[in-house]
Amino acid sequence: MIVPVKKVKLAVLNDYEEALLKNLQRYGLLMLIPLEEREGELPEDELLARTEKSLRLVREYQSKAERNQEEHVVAYEEFMRVDESRKELLMKIENSGARIEALRGEIKAKEDAISFYRPWRDLPVPGSRLGRSRYSVARIGFIKPYDAKSFAQAVENIGAGHMIFDRSPDGLAVAVVCYLEDDEALLNILKTFDFHEITLPEKARTPAEVISRIEEELSALRESLRRTEAELQEYTESSKELELLSDQLKTQIELKQAPVMKMPRAAYLEGWVREDRVDALKRAITEVTDIYDLDIADPAPEEEPPTVVENKKFVEPFESITEMYSLPHPDETDPNPALSFWYLFIFGMMMGDAGYGFIISLATFLFLKIKKPKDQSARLLKVFFYAGIATILWGAAYGSYFGFTVKPNLIEPMNDPLKMLIVSLAVGGLHIITGILIKAYDDIRRGRYFDALFDQFSWVLILAGLGMLFVPGLDAVGGALAVTGAAIILVTGGRKSKGVFGKLFGGLGGLYNVTGYLSDILSYSRILALSLSTAIIGWVMNMLAGMFTGSAFGYIIGAVIFIVGHLFNLVMGILSAYVHDLRLQFIEFFNRFYQGGGYPFEPLSLKLQYVDKVKIGNLQGGINHE
């Protein structure tokens, strides 16, 4: 349901401003309205960025068991306590991280150096012996590997010597030496073979000696890296302290940026409070000071208050689906209770296999218990958990279990497609009628009784009557209801028109909308299509798997086809049912009554990303926030 909100205007002496804001944040009761933004970068911003970076570093060294620790719960006093040891821990982790980053850079440089020298490992002379001497010239470089034979022949033809070494990404490593007077001829040959000459930075040692020395240095660096990483590994046990520091900083930043208008002797703020928590707000204020001025009133007609949605445990996850479309306007009926029923009902019809439903519910249940996701992810997974149960029920009604049909059942989409189509359209009619009734309820709630009767209940009579025409024994009643609804629309459809012509013929235009309703109901034939596709693909996979039975190897192949085929069918079925169910809810259902356009109620509160709960305690008999 949608909880009403009240407008709050509050003024306190400047001496109590900080304490009051902390108490309001502690209990999370008041959503502040921007009056005077406190801009500028805060010291906490930089510290928060450092903390988040260190947390990412620590997680690299955490095991899965450490990541999936039990719920992190702290007392409010501990959450707000400034503990310098947490900042000291942060500095130690930063220092370790900086050393690790530097060591990794050095190790990478040493590895690159070894890669550079590796092709020349067998070169028997140091770098100082290469180049031009008194009687000869020695060069090293790379040629294309496929030129090796022709290159060797060419240099031998001018009396030059050569050695061929290892391949590398740059090509085939070669060394050539010739007499000084043959250097020009050799250079011409080298150009022909696209010779890429290099020089060795280390002149005093052979490449093998250089590689040996670098490997020793590399071993020492790796040992130093191992010790530093082991040191950082010890800090992972204290990661919760770092997480607590991060949430503390986010909370402090929000508090310092709270919009408050400063006056010479007082601080003034405005905001929104839930109607059911007005008394708790008053108690939160009096905990800080008895000297204040508080005004609580209903929102003015021109004001747009935030939307507060609160539902039971079963309905609450489906708020995530509604929020994909738009948050409800605070003055309309919450669609989530009706949406929760119809979303599950239609999803189960579309999937329609008890085996698939069992896997969906089991997988989401285990994921929720083991991974413990939060917020939007957790709510969406709960929706799929319930959708799996609905799929089990409809699968039992179809008699479908992993593509196998088991008797007794109520209906088989593959064998009774016409009957299934009729059921799908009937469900569509009931779904749309539900939306019309919610709109009628909204009209009655706002005192628009004639609108509810003439514009909503008339269409309920028409749609219900048209549906009864196809039920043996109820066709006469259905015809009477449809005619009655049509007569109401014909007589009253033009009542809001100003001109005589509009009043006389407005009903005809309204009655023409029956074509729109019928086309919308036809959209529900997709339920038949998706239930058929799931059943047929499952049946085909079973048939293909059965073709390989008869031998031990055949049973293995059949089992692979069965598992892979049904996994494919399950994934595609979930995706299709999820998307098409959303379409029916958003377009066919919400279109009847839903306005949307609300924005969320976000009170000044503790900002918890890593800490799961902060134990606040009772507010003098009021609500208990955790």
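At a glance:
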read-out: Sorted by Cβ neighbour density within 10 Å, fewest at the top, the residues HIS566, HIS329; value: HIS329, HIS566
read-out: Sites ALA148 and GLU237 - FRET efficiency at Förster radius 45 Å, r taken between beta-carbons, to 0.05; value: 0.20
read-out: Inter-label distance for LYS407 and TYR599, nm, one decimal - labels placed 7 Å from Cα along Cα-to-Cβ; value: 6.3 nm
read-out: R0 of 35 Å, Cβ-Cβ distance ASP295-MET80: FRET efficiency to nearest 0.05; value: 0.75
read-out: For the chain: rounded, prolate or oblate by the Cα gyration tensor [a/c cutoff 1.5]; value: oblate
read-out: Whichever lysines have a C-alpha closer than 17 Å to that of LYS7, once near sequence neighbours (fewer than 8 apart) are set aside; value: LYS282
read-out: Qualifying trypsin sites (Lys or Arg not before Pro) in region 177-233, DSSP loop, other Cβ atoms within 10 Å at most 16; value: LYS203, ARG205
read-out: PHE402 long-range amide H proximity, modeled H, under 5 Å; value: ALA354, GLY355, TYR356
read-out: Debye equation applied to the C-alpha atoms of region 188-283, log10 I(q)/I(0) at 0.13, 0.18, 0.23 Å⁻¹; value: -0.85, -1.05, -1.19
read-out: Residues SER400, SER519 arranged by fewest to most Cβ contacts within 10 Å; value: SER519, SER400
read-out: The chain, relative contact order in percent, only Cα pairs under 8 angstrom and at least six apart counted; value: 23 percent
read-out: Violating pairs (Cα-Cα greater than 27 angstrom) within the set LYS312/LYS419; LYS313/LYS371; LYS53/LYS256; LYS110/LYS240; LYS256/LYS372; LYS371/LYS615; value: LYS312/LYS419; LYS110/LYS240; LYS256/LYS372
read-out: ALA480 paired with GLU229, simple spin-label distance in nm, labels 7 Å along Cα-to-beta-carbon; value: 8.4 nm
read-out: Axial C-alpha extent at least 30 Å, average Kyte-Doolittle at least -1.0 - helices from the chain (DSSP); value: 84-117, 207-235, 375-398, 417-445, 525-546, 552-583
read-out: Computed [θ] at 222 nm, helices only, for the chain once each DSSP H run of length n ≥ 4 contributes -39500 (n - 2.57); value: -18500 deg cm²/dmol
read-out: Residues in region 112-153 reached by a label modelled at ASP166 [backbone nitrogen below 13 Å; 7 Å Cα→Cβ]; value: 112-123
read-out: Cα gyration tensor, region 570-609 - rounded (a/c under 1.5), prolate or oblate; value: oblate
read-out: Space enclosed by the convex hull of the alpha-carbon atoms of region 131-198, per residue, Å³; value: 71 Å³
read-out: Qualifying chymotrypsin sites (Phe, Trp or Tyr not before Pro) in region 113-222, DSSP loop, other Cβ atoms within 10 Å at most 15; value: TYR135
read-out: Projected label distance in nm at HIS72 and THR199, using a 7 Å step from Cα toward the beta-carbon; value: 5.6 nm
read-out: FRET efficiency, GLU18 to PHE365 (Cβ-Cβ, R0 56 Å, nearest 0.05); value: 0.80
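Any read-out appearing in this document is the output of simple, stated calculations on the displayed coordinates, not a laboratory observation. Worth saying up front: this structure is predicted, and the values here are computed from it rather than measured. Using ideal geometry, Cβ is built from the backbone for each residue, glycine included, and neighbour counts are taken over all protein chains shown.
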